[in-house]
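Heads up: the structure comes next, in structure tokens.
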Amino acid sequence: MAASYLGRWDLVQLRCANFMSCTLEERLVLMLLELAENFGVKDKRGIRLTISTRHQDLADLVGASRPRVTEFLIKFAHDKLINRDEHYLIIHRDRLETFLAQIHSRN
């Protein structure tokens, strides 16, 4: 099982490199959606990531500082795009996708 996670984690990192031209906010949303796809399980509240996601880990994946990622995660939680459940994130996929579409419609 650990080998399966490691293979998927490598894939996430590879895809991350392909969106470096996006803004940090877009990269973080895309990464959360990617993590939900690869490491999420359906939950009554949304999609719960089955891996612990430290802010530093997310920062490393999106090429940003931990404090900036924390700022956006707080904003996303305030906007009800994500929730925190102890050490896990609950992703509201539909809300994140709508949010991303709104960003692109402004550009």
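Length gained on full extension, residue 77 to residue 41: 11.1 nm, using 0.36 nm per residue less the C-alpha separation.
Okay, which of the stretch 43-87 sit inside 17 Å, backbone N to the point 7 Å along the Cα-Cβ direction of residue 94? The answer is 43-48, 80-83, whose backbone nitrogens lie closer than 17 Å to the label point.
Applying a DSSP loop filter and a limit of 16 other Cβ atoms within 10 Å to the GluC sites (Glu not before Pro) in the stretch 16-94 leaves 86.
The solvent-accessible area of residue 41, taken with every protein chain present and a 1.4 Å probe, is close to 60 Å². If R0 equals 30 Å, the separation of the Cβ atoms of residue 102 and residue 65 corresponds to a calculated FRET efficiency of about 0.75.
Database remark: amide H of residue 43 closer than 5 angstrom to the amide H of 48 (H placed geometrically; neighbours at sequence offset of 5 or more, or on other chains; Pro and chain starts carry no H).
Here the peptides 91-97, 44-50 are ranked by packing, the mean other Cβ count within 10 Å, and the order with the highest first is 91-97, 44-50.
The values are calculated or read from the model by the stated rules, or taken from the named source; none is laboratory data. What you are looking at is a predicted structure, and each value in this text was computed from that prediction instead of being measured. Note that we place each Cβ from the backbone using ideal geometry, even for glycine, and neighbour counts take in every protein chain shown. Side chains are part of the model used for accessible areas, which takes the heavy atoms of the whole protein and leaves out ligands, DNA and RNA. Shrake-Rupley method; radii C 1.70, N 1.55, O 1.52, S 1.80 Å.
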